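Q: Quick one: the structure is below, and I'll ask about it shortly.
The values are calculated or read from the model by the stated rules, or taken from the named source; none is laboratory data. All values reported here derive from a predicted model rather than from experimental measurement. Note that each Cβ is placed from the backbone with ideal geometry, even for glycine, and that neighbours are counted across all protein chains shown.
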Amino acid sequence: MTEDALYRPVSWRDGRLRLLDQTLLPNRVEYREIASLDAAVEAISSMRVRGAPAIGIAAAYALAAIARDGGRGAVEEAAPTLAATRPTAVNLRWAVDRVLARVIEAASSADVAGIALDEARRIHEEQREADARMAADGASLLDQGSALLTHCNTGPLATGGRGTALAVVIEAHRRGLVSDVFVDETRPRLQGAHLTTWELAQHGIPHRLIADSAAASIMARGAVSAVFTGADRIAHNGDTANKIGTYSLAVVAGHHEVPFYIVAPTSTIDPQSAGGGAIAIEQRDEAEVLTVGNEALTPDGTRALNPAFDVTPASLITAIVTELGVLRPPYLDSISEALTGSVATA
Ligand code: MRU
């Protein structure tokens with residue numbers, strides 16, 4: 001059974017974008033059809049679809065539907081709105097720009113819908129291929145008996161393919177290399193608790209959920225061989241924006257000399273961001289921190305700060321696994337080489 005045969009987080013079906021509603025997992029598996037710009041914006045911003053590559057693919061299919069219903073002008077109008085829905089994940093802007101560029105260069109407006117859909121399908125297929133390569137290369141970094149720790153959700157739900165960091169965990173498990181999997185619950189949206197545990201269960205992989213703050217003590221007792229996380233945007237120097245809590249995990253991993261790996265396709269690399277300071281960090285609603293489900297955690301009037309992502313400095317990252325190979329420091333060089341196609345390192 002292939003990974004994406006188990007469930008289809010994002011797909012094009014009967015002329016519409018179809019999403020597995022991730023806000024309902026793990027309790028309900030329900031799909032939603034998205035037929036308008038407003039519905040696509042709502043689905044991405046409320047995180048019915050989430051994960052950097054998956055929101056890019058979803059936006060690309062949404063533009064294909066918009067192209068069919070409203071033509072080139074509607075795509076040109078919708079593109080900036082969609083691209084701005086979640087500002088940190090560079091794959092969103094990248095995918096929207098790809099569809100928009102194809103639509104603009106379309107020879108006749110009659111071609112626009114087909115061309116937009118063709119580009120969306122191409123983006124999705126490239127992600128599937130990239131995921132398969134990253135899973136294999138990432139698993140090759142591991143020895144038998146590896147205890148792995150992961151943060152947020154980076155499985156098929158997050159990419160529409162096999163996933164990034166979680167695809168490495170799944171592949172390493174398939175190869176018989178994994179002794180333990182620790183899953184950070186990932187406050188405040190609990191992607192680890194709600195989504196990663198669900199995906200690992202779908203794949204029959206034993207795992208244990210941990211409070212985010214437990215990672216340090218588990219590493220201190222030597223129980224973690226490597227940490228694998230994804231990325232929402234990688235700057236040209238290797239500084240990496242990912243789900244809030246990734247940075248503290250990398251600091252702790254560095255302190256305990258546990259290898260810290262990022263797994264991300266090259267579409268997540270943004271050479272226009274020279275370093276982490278240039279990456280826009282999405283600030284989300286205070287309610288995500290102040291409540292769990294519909295339950296208030298705090299007295300009325302409590303304020304919260306809710307940055308959705310943080311930036312891990314390149315110096316804390318052991319390697320970045322991409323579909324073009326495993327990039328090592330100094331990242332300015334290895335990223336430049338990967339992006340210009342001159343070298344794929346291993
Ligand atoms: O806010 P989310 O759930 O969209 O954040 C997702 C992450 O931070 C993932 O680690 C990242 O997008 C890479 S997933 C392949």
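Q: List the residue pairs whose Cβ atoms are under 7 Å apart, where the first residue sits in the range 244-259 and is in a helix (DSSP H, G or I), the second is within 16 Å of the ligand (Cβ to nearest atom) and among the small types (Gly, Ala, Ser), and the two are 6 or more positions apart or on different chains.
A: LEU249/ALA215; VAL252/ALA215
Q: Then there is this: Assess whether VAL227 counts as being buried (at least 22 other Cβ atoms within 10 Å of the Cβ), closer than 16 Å to THR186 by Cβ and away from the ligand (no atom under 12 Å from the Cβ).
A: Considered against the rule, which asks whether it is buried (at least 22 other Cβ atoms within 10 Å of the Cβ), closer than 16 Å to THR186 by Cβ and away from the ligand (no atom under 12 Å from the Cβ), VAL227 comes out as yes.
Q: Follow-up. Within the range 135-146, does at least one residue satisfy the condition of being farther than 23 Å from ASN306 by Cβ, aliphatic (A, V, I, L, M) and near the ligand (Cβ under 10 Å from one of its atoms)?
A: No - not one qualifying residue is present in the range 135-146.
Q: If you don't mind, there's one more thing I want to ask. Can you tell me which residue in the range 44-75 is farthest from the ligand (Cβ to nearest atom), limited to those that are in a helix (DSSP H, G or I) and out of contact with any helix residue (DSSP H, G or I) (no Cβ under 7 Å at 6 or more places or on another chain)?
A: The selected residue is GLY73.
Q: If I filter the range 152-170 for residues that are within 9 Å of the ligand (Cβ to nearest atom) and surrounded by fewer than 24 Cβ atoms within 10 Å (Cβ to Cβ), do I get at least one hit?
A: Checking the range 152-170: not a single residue is within 9 Å of the ligand (Cβ to nearest atom) and surrounded by fewer than 24 Cβ atoms within 10 Å (Cβ to Cβ).
Q: Would you confirm whether or not the range 315-327 contains a residue that is assigned to a strand (DSSP E or B), surrounded by fewer than 22 Cβ atoms within 10 Å (Cβ to Cβ), among the β-branched types (Val, Ile, Thr) and out of contact with any Pro (no Cβ under 6 Å at 6 or more places or on another chain)?
A: Within the range 315-327, one or more residues are assigned to a strand (DSSP E or B), surrounded by fewer than 22 Cβ atoms within 10 Å (Cβ to Cβ), among the β-branched types (Val, Ile, Thr) and out of contact with any Pro (no Cβ under 6 Å at 6 or more places or on another chain).
Q: Here is a further query. From ALA201, ALA220, ALA216, ALA193, which residue is within 16 Å of the ligand (Cβ to nearest atom), out of contact with any Gly (no Cβ under 8 Å at 6 or more places or on another chain), at pLDDT 95 or above and among the hydrophobic types (A, V, I, L, M, F, W, C)? Outline the logic, then answer.
A: On the way: ALA201 fails: within 16 Å of the ligand (Cβ to nearest atom); ALA220 fails: within 16 Å of the ligand (Cβ to nearest atom); ALA216 fails: within 16 Å of the ligand (Cβ to nearest atom).
Just one listed residue meets the conditions, ALA193.
Q: What residue, among those in the range 99-114 that are touching a residue at least 12 places away in the same chain (Cβ under 8 Å) and surrounded by fewer than 20 Cβ atoms within 10 Å (Cβ to Cβ), is nearest to the ligand (Cβ to nearest atom)?
A: Of all residues in the range 99-114, those touching a residue at least 12 places away in the same chain (Cβ under 8 Å) come to 99-100, 102-104, 106, 109, 112-113.
Now restrict to residues that are surrounded by fewer than 20 Cβ atoms within 10 Å (Cβ to Cβ): 104, 106, 109.
Details: ILE104: 28, ALA106: 30, SER109: 34 Å.
Within the range 99-114, the match that is nearest to the ligand (Cβ to nearest atom) is ILE104.
Q: Among the numbered criteria (1) among the small types (Gly, Ala, Ser); (2) in contact with an Asp or Glu (Cβ under 9 Å, 6 or more places away or on another chain); (3) under 20 Å from ARG133 (Cα atoms), which one does SER334 miss?
A: (2)
Q: Scan the range 234-248 residue by residue and report those that are of a type outside the set (Val, Ile, Thr) and under 17 Å from the mean Cα position of the chain (by Cα).
A: ALA235, GLY238, ASP239, ALA241, ASN242, LYS243, GLY245, TYR247 - these are the residues of the range 234-248 that are of a type outside the set (Val, Ile, Thr) and under 17 Å from the mean Cα position of the chain (by Cα).
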